[in-house]
Amino acid sequence: MRRAVCPGSFDPVTNGHVDVITRAAALYDELVVAVLVNPGKAGLFTVEERMELLRDALSGLPSVTVDSFQGLLVDYCRTNGIPVIVKGLRAVSDFEYELQMAQMNRELAGIETLFVPTAPQVGHLSSSLVKQIATFGGDVSSLVPEAVHERLLAHREQGT
Ligand code: PNS
């Protein structure tokens, strides 16, 4: 059984994440999408909301499950018997930090990292930009799954 984890903040999931997850799911028998619980950083969405939005966006992928984790990613991998981390790469600017983390995770626990280059149509997407655009009333409907778009509109209406 080939298993991998796709970790991230997913605050919120974008079409870029969905692209990488969909393509990674085709390479493994089981893919766990793991949301980082970061007590030091409150996001726009709670971890539970992020997981719910991920489950909704990924409901067509039966081999994908959604979970959350706290602490070191390699500890989560070891506890759950997952030998591979999958990360998306949008641009060369992503690579430097991602390479550092990949090398560190391999040194810490022998966990390998697989990089998936994002599709060019979604290479410019980031959760931060999507939130910024939505906050100022821009149209993000083509950038995020429908349920995320609805939640972002609700946040804007509530002024949060
Ligand atoms: O979506 P993000 O914010 O780019 O995801 C970053 C994430 C969650 C993959 C990274 O911050 C992470 O792995 N955090 C867990 C803590 C950890 O393992 N740190 C050591 C990395 S070498």
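Examine the range 70-93 for a residue that is within 27 Å of residue 135 (Cβ to Cβ), modelled with pLDDT under 95 and either among the acidic types (Asp, Glu) or in a helix (DSSP H, G or I) (or both), and state whether such a residue exists. Checking the range 70-93: at least one residue is within 27 Å of residue 135 (Cβ to Cβ), modelled with pLDDT under 95 and either among the acidic types (Asp, Glu) or in a helix (DSSP H, G or I) (or both). Pairing residues of the range 144-160 that are without any contact (Cβ under 8 Å) to a residue 24 or more places away in the chain and surrounded by 10 or more Cβ atoms within 10 Å (Cβ to Cβ) with residues that are assigned to a helix (DSSP H, G or I) and hydroxyl-bearing (Ser, Thr, Tyr), at Cβ distances under 8 Å and at least 6 apart in sequence or on separate chains, gives 156/135. Within the range 28-69, which residues are assigned to a loop (DSSP other than H, G, I, E, B) and among the β-branched types (Val, Ile, Thr)? Residues satisfying the conditions are 37, 46.
The rows are residues; the columns are (1) of a type outside the set (A, V, I, L, M, F, W, C); (2) surrounded by fewer than 15 Cβ atoms within 10 Å (Cβ to Cβ); (3) within 11 Å of the ligand (Cβ to nearest atom).
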{"position": "4", "(1), (2), (3)": "no, no, no"}
{"position": "31", "(1), (2), (3)": "no, no, no"}
{"position": "35", "(1), (2), (3)": "no, no, yes"}
{"position": "46", "(1), (2), (3)": "yes, yes, no"}
{"position": "54", "(1), (2), (3)": "no, no, no"}
{"position": "60", "(1), (2), (3)": "yes, yes, no"}
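Is there a residue being in a loop (DSSP other than H, G, I, E, B) and of a type in the set (A, V, I, L, M, F, W, C) anywhere in the range 17-25? So far as the range 17-25 goes, no, none of its residues is in a loop (DSSP other than H, G, I, E, B) and of a type in the set (A, V, I, L, M, F, W, C).
The values are calculated or read from the model by the stated rules, or taken from the named source; none is laboratory data. On a predicted model such as this, the values are computed, not experimentally measured, just so you know. Every residue, glycine as well, gets a Cβ built from its backbone with ideal geometry; the counts of neighbours run over all protein chains shown.
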